[in-house]
Amino acid sequence: MEHGDLHGANIMIGDHTIKVIDILYRGSLAQLTSGTRKARLHGDCMSLKLVLQHLIAHSKIPTEQATKFNTLTNENPTALDIRDAFLKVVDQEGVTENQRLLDAAHERFKDESFGTGQEAAAQLLDETPPAVIAPLLVTIIKSRSYDESRHRAYVIALFDRLLEVERTAFFSYLGAELEKEIAKGHQWWALLRMLAAFEYQGWRAMPPRVTKAVETALTKDILEGHYDPKRKSLLNQSGAKGTHAQTFWRYFSKKYELADNIIKMLHKSLDTQNYVGKYFLSILKELAEDTNRTDQMIRALKGAVDNGATTIIEGLARLPKEWGKKIAPTKA
């Protein structure tokens, strides 16, 4: 959402609350084109910056601090940029201490000896100052430092301590960073795995444009997949992004495209057949049934087995018994 008319008169201050009123509601920003959405968000952020500049100018804060706030916020600041700049101006000691605590928490998070499991997560959570929980999650996203095998339980525990508005902000930031990385093809893996930790809750919380971009990228990348069983690795990391479809496919809006691409790979070459066998055998039955492609999937698997696709032959036990009888290697 956007506000559209943010200024001092539309902010009410009570004893323990601050409320923003008179929102010019125009529907979800997620439905707008990226250019229009960016322009409207920019307008709200600049209005927020002006409100805070006004507060600083009419406080006892020295004039040079007001100038510092303006300097710290560039021409296209985000709400987080503005918040950080404002806190640096009005609460130097508090910000310095919180930053020290945040840095310490993140260094511990990145340490190779970081504990795993629910018990370790609960203990670490007790040792994490409440003031740094939300900033720590943002820092983890920024640094792309999430490791599923070590961090999942702790990240979920941190998230459970957030207020509802902080959870919304967390998913919004994660979605924006994921959309950026998916488009560039760079450090998307840590963000995808972090999103996967929240399962359907996380997918549903993403803006529609983000889930669409992720679904399209994963489905398309499957067509680049090649796997060599002898080397036990993807060839040139081809199709690495697509392997994450095995985690998210149940949430896809166009599952049939995923099924069709997998079937295409089963008809191409030994390397592409082994790619499917390595990463997708566990989902094929449910995916085929959901997309009415059971017969096509079985025929494609049969062709791959007859072609000598090692990962599929070795993984036949992971397929339904009725499929196995039809797919088993043809005896000479």
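Read-outs: derived from the displayed coordinates by stated rules, not from any lab. Computed from a predicted structure; not experimentally measured. For neighbour counting, all protein chains shown are included, and Cβ atoms are generated from backbone atoms with ideal geometry for every residue, glycine included.
So the values come out like this:
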{"quantity": "Rg/Rg_globular for the range 1-88, with Rg_globular taken as 2.2 N^0.38 Å and Rg from C-alpha atoms", "calculated": "1.18"}
{"quantity": "Hypothetical label at Gln201: residues of the range 176-195 whose amide nitrogen lies under 16 Å (7 Å Cα-Cβ projection)", "calculated": "194-195"}
{"quantity": "Cα convex hull volume per residue for the range 212-327 (Å³)", "calculated": "84 Å³"}
{"quantity": "q = 0.13 Å⁻¹: log10 I(q)/I(0) that the Debye formula gives for the range 45-156, counting C-alpha atoms only", "calculated": "-0.61"}
{"quantity": "Overall dimensions of the chain by Cα: Rg and Dmax, Å", "calculated": "25.0, 91"}
{"quantity": "Dimensions in Å of the range 91-206 - Rg and Dmax from alpha carbons", "calculated": "13.9, 40"}
{"quantity": "Those trypsin sites (Lys or Arg not before Pro) in the range 118-192 that DSSP places in a loop and that have at most 16 other beta carbons within 10 Å", "calculated": "Arg144, Arg161"}
{"quantity": "Derived scalar couplings ³J(HN,Hα) [the range 267-276; Karplus, 6.51 cos²θ - 1.76 cosθ + 1.60; whole Hz; x for Gly, Pro]", "calculated": "9, 8, 8, 4, 5, 6, 5, 5, 4, 5"}
{"quantity": "Given the chain, longest segment not containing exposed loop GluC sites (Glu not before Pro) (DSSP; at most 15 other Cβ within 10 Å)", "calculated": "128-332"}
{"quantity": "Proxy reagent accessibility, fewest Cβ within 10 Å first, across Ser143, Ser34", "calculated": "Ser34, Ser143"}
{"quantity": "Whichever aspartates and glutamates have a C-alpha closer than 19 Å to that of Lys285, once near sequence neighbours (fewer than 8 apart) are set aside", "calculated": "Glu257, Asp260, Asp295, Glu314, Glu322"}
{"quantity": "Cα→Cβ-extended label distance, 7 Å offset, between Lys325 and Lys19, nm", "calculated": "6.8 nm"}
{"quantity": "Rg and Dmax [Cα atoms of the range 151-253; Å; Rg one decimal, Dmax integer]", "calculated": "14.7, 50"}
{"quantity": "HN-Hα J in Hz across the range 58-63 - Karplus 6.51, -1.76, 1.60, θ = phi - 60°, x for Gly and Pro", "calculated": "9, 10, 8, 5, x, 4"}
